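Here is the structure we will look at, set down as structure tokens.
The values are calculated or read from the model by the stated rules, or taken from the named source; none is laboratory data. Keep in mind the model is a prediction, meaning the values are calculated, not measured. Here Cβ is always computed from backbone atoms with ideal geometry, including for glycine, and neighbour counts include all displayed protein chains.
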Amino acid sequence: MIIPKLRMHKSDGTDDCLTSPNMGKAQFRSELGSCGYARKEPVILHVDMDAFFASVEQKDRPWLAGKPVVVGGDPQKRRGVVTAASYAARGYGIKAGMPLVTAKRLCPHAVFLIGTDGDKYEYISSRFMRIFYQFTPQVEPYSIDEAFLDITGCERLFGPPVQLAKRLKERIKKQLGLSCSVGIAPNKLLAKLASSLNKPDGLTLIPKDKAKQILSPLEVTKLCGIGGKTAKILSNLGIHTLGELASYPVEVLKRKFGKNGEWLHLVANGIDHSPVFSQFIPEKSMGHARTLPHDVINQEEISSVLLVLSGMVARRLRQKKLVGQTITLRVRYSDFASLTRSETIAHPTDSEHIIFGIAQKLAFGVASGIRRVRLLGVSVSRLTKDGESLQTFLPFAEYIDKREKIYAVMDRIRDKFGEGSIRWAGAASFI
Amino acid sequence: MTMDQEINQPIDMMVVFQKGRMVPVRFRWNGRVIKIAKLTGWWKTNEGKFRIRHFAVIDENSQFCQLSYKERTAEWFLDKIWVE
């Protein structure tokens, strides 16, 4: 695949668009112009940490630097998949989501770090997110290891976009010892693409006037939002590259993909108007799922797991002062077949026993001692703010009130001593 | 084969407070005094309202150790070591 000449910048300083920090105003304006940006045009950064989990472990264990390192879930808890692989490991074909057994076959001499601590990665993620806020308040965390930054108008403070990106990369390297790849573009779609073009430790700029030229030869799956299924349908239409998609009649795409047809046409042309969501986005649902330590068929064991999961969901609802109306049960069987069942209740709730009662009822039809269950999940959706709930007007309000008092006490104990400090007796068999 | 080995045992620790940070210096485990050569990582987690401070360190024999300090009980633990 040949990518047209890009302004690619490696952090070793080999770039063609860098400016001196001491430049004058006129030079600064001409510099902005030379980067393909008129003033006030949106400038979006996409920052993606390089092989995040594996890099954190390599930093903590310096002798692992440059070696194939695989971070994975604990096979004893049947979460035996790769969660992250260092670039050296990726060279052997190891990818996230792959079973650890396959990864071991591909690279037997790799270092496998199993069952590592997710809290550690979350903490380090919060630290680099804080660094992003030192450059702009417009930060949209996209996942644990990537974020979009709207740096429109930040030039006066930090210089041109490339210079800002270099400073951001340096700050992350100095404070956290980690490298990241940065994409700069006039919109989120192109910024995300840019950060992926020159990994690891890359800095890539896609100017507005070069976007089409850069996109044209790329495979359709290179763009965020176009997955394998869509690519297959496009392939059947004879569309393999973004250039082919961009010139395909939009009416035909609309007929084939409905509303998404127009979106496909726009993104293939490098057009994306989605803003950087820096504000809090209200949650639409809350849920927890667990892969069980062994396949379960016994109804009592299933109930015990459902009680734990319902308790976790309800606790989160109460912490966020939310109540929910639709309870969904997710089941994955030992043969990996999955299904979900939902029920909407009359009055929104944050009570673990109401959630548990519904989940148990739903489980009765699908996890009732006939098929072995591998994973169970409980989620609550149709969320509203607590206080809008009519729960206390229900019959048995007195009984519910008693339960709420118990929840309040349990929440206080958990606030003080941690989540595992108290549990319902019915959940004791599932730890 | 190389891997982390869970230890989870209490230890006696000597720390210095440097520029507002707590830096582990040496610890006693199983009657041995182990000198810390380098702090390679640190992070925090919560146990209820109490904090647990975690440290990734390399000792004087280039051995990796993961340590933690539980604020609730003011105790230090050796969580993991790297075994070859």
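Within segment A:74-114, track down each residue that is part of a helix (DSSP H, G or I), within 23 Å of A:W63 (Cα to Cα) and aliphatic (A, V, I, L, M).
Answer for segment A:74-114, where residues must be part of a helix (DSSP H, G or I), within 23 Å of A:W63 (Cα to Cα) and aliphatic (A, V, I, L, M): A:A88, A:A89, A:L100, A:A103, A:L106.
Pick from A:V296, A:V276, A:V252, A:V220: which is of a type outside the set (D, E, K, R) and touching a Phe, Trp or Tyr at 6+ places or on another chain (Cβ under 6 Å)? First the steps, then the outcome.
Values: A:V296 fails: touching a Phe, Trp or Tyr at 6+ places or on another chain (Cβ under 6 Å); A:V252 fails: touching a Phe, Trp or Tyr at 6+ places or on another chain (Cβ under 6 Å); A:V220 fails: touching a Phe, Trp or Tyr at 6+ places or on another chain (Cβ under 6 Å).
A:V276 is the lone residue from the list that is of a type outside the set (D, E, K, R) and touching a Phe, Trp or Tyr at 6+ places or on another chain (Cβ under 6 Å).
Could you go through segment A:112-127 and let me know if any residue there is hydrophobic (A, V, I, L, M, F, W, C) and more than 10 Å from chain B (Cβ to nearest Cβ). Before the answer, list the steps.
We begin by selecting, within segment A:112-127, every residue hydrophobic (A, V, I, L, M, F, W, C); these are A:112-114, A:124.
Within this subset, residues satisfying the condition of being more than 10 Å from chain B (Cβ to nearest Cβ) are none.
Among the residues of segment A:112-127, not one is hydrophobic (A, V, I, L, M, F, W, C) and more than 10 Å from chain B (Cβ to nearest Cβ), which makes the answer no.
Does B:V83 satisfy the condition of being among the β-branched types (V, I, T) and within 30 Å of A:H109 (Cα to Cα)?
Working: among the β-branched types (V, I, T): yes; within 30 Å of A:H109 (Cα to Cα): yes.
Here the answer is yes, as B:V83 does meet what is asked.
Looking at segment A:170-196, which of its residues are farther than 25 Å from B:W43 by Cα and outside any strand (DSSP E or B)?
A:P186, A:N187, A:K188, A:L189, A:L190, A:A191, A:K192, A:L193, A:A194, A:S195, A:S196
Any idea which residue in segment A:278-302 is surrounded by the fewest Cβ atoms within 10 Å (Cβ to Cβ), counting only those that are hydroxyl-bearing (S, T, Y) and farther than 19 Å from A:T326 by Cα? Before you say what the answer is, go through the steps one by one.
Filtering segment A:278-302 for residues hydroxyl-bearing (S, T, Y) gives A:278, A:285, A:291.
Checking the rest, the ones that are also farther than 19 Å from A:T326 by Cα come to A:278, A:291.
Numbers: A:S278: 17, A:T291: 15.
Taking the candidates together, the pick is A:T291.
Restricted to segment A:213-262, and to residues that are closer than 19 Å to A:K188 by Cβ and small (G, A, S), which residue is modelled with the highest pLDDT?
A:A246
Residues checked against (1) under 26 Å from A:I413 (Cβ atoms); (2) of a type in the set (S, T, Y); (3) not assigned by TED's automatic domain parsing to the domain that holds A:R414:
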| site | (1), (2), (3) |
| --- | --- |
| A:F257 | no, no, yes |
| A:L264 | no, no, yes |
| A:S278 | no, yes, yes |
| A:H294 | no, no, no |
| A:I297 | no, no, no |
| A:I302 | no, no, no |
| A:V308 | yes, no, no |
| A:Q319 | yes, no, no |
| A:I327 | yes, no, no |
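For segment B:46-84, name all the residues that are at the interface with chain A (Cβ under 9 Å from one of its Cβ atoms) and either of a type in the set (F, W, Y) or surrounded by fewer than 17 Cβ atoms within 10 Å (Cβ to Cβ) (or both).
B:N46, B:G48, B:K49, B:F50, B:S62, B:F64, B:R72, B:W82, listed by residue number.
Can A:G270 be described as buried (at least 20 other Cβ atoms within 10 Å of the Cβ) and either in a loop (DSSP other than H, G, I, E, B) or in the same structural domain as A:E140 (by TED's automatic domain parsing) (or both)? Let's see the steps before the verdict.
Details: buried (at least 20 other Cβ atoms within 10 Å of the Cβ): yes; either in a loop (DSSP other than H, G, I, E, B) or in the same structural domain as A:E140 (by TED's automatic domain parsing) (or both): yes.
Yes; evaluated as a whole, the condition is true for this residue.
Mind checking which residues of segment A:344-376 are in a strand (DSSP E or B) and either within 27 Å of the chain's Cα centre (by Cα) or crowded, with 19+ Cβ neighbours inside 10 Å (or both)? Step through it out loud before you land on a result.
Going through segment A:344-376, the residues in a strand (DSSP E or B) turn out to be A:344-349, A:373-376.
A:P348, A:T349, A:V373, A:R374, A:L375, A:L376, listed by residue number.
Give segment A:59-109 a look and list any residue that's β-branched (V, I, T) and either closer than 30 Å to B:D59 by Cα or touching a Phe, Trp or Tyr at 6+ places or on another chain (Cβ under 7 Å) (or both), or say none.
Hits for segment A:59-109 are A:V69, A:V70, A:V71, A:V82, A:T83.
Just checking, which of A:R171, A:R130, A:R167 is more than 26 Å from B:D79 (Cα to Cα), of a type outside the set (S, T, Y) and within 14 Å of chain B (Cβ to nearest Cβ)?
Details: A:R171 fails: within 14 Å of chain B (Cβ to nearest Cβ); A:R167 fails: within 14 Å of chain B (Cβ to nearest Cβ).
Checking each option against the conditions leaves just A:R130.
Would a scan of segment A:150-166 turn up a residue that is charged (D, E, K, R), modelled with pLDDT of 95 or more and assigned to a strand (DSSP E or B)? Show your work before the answer.
Our first condition is that a residue be charged (D, E, K, R); within segment A:150-166, this holds for A:150, A:155-156, A:166.
Of the ones still in play, those that are also modelled with pLDDT of 95 or more are A:150, A:166.
Going one step further and asking which of them are assigned to a strand (DSSP E or B), we end up with A:150.
Yes, the conditions are met somewhere in segment A:150-166.
If you scan segment A:240-260, which residues turn out to be over 15 Å from A:C224 (Cα atoms) and outside any loop (DSSP other than H, G, I, E, B)?
Those that are over 15 Å from A:C224 (Cα atoms) and outside any loop (DSSP other than H, G, I, E, B): A:G243, A:E244, A:A246, A:V250, A:E251, A:V252, A:L253, A:K254, A:R255, A:K256, A:F257, A:K259.
Scan (1) out of contact with any Cys (no Cβ under 9 Å at 6 or more places or on another chain); (2) more than 14 Å from every other protein chain (Cβ to nearest Cβ); (3) buried (at least 17 other Cβ atoms within 10 Å of the Cβ) for the single condition B:F27 breaks and write down its number.
(1)
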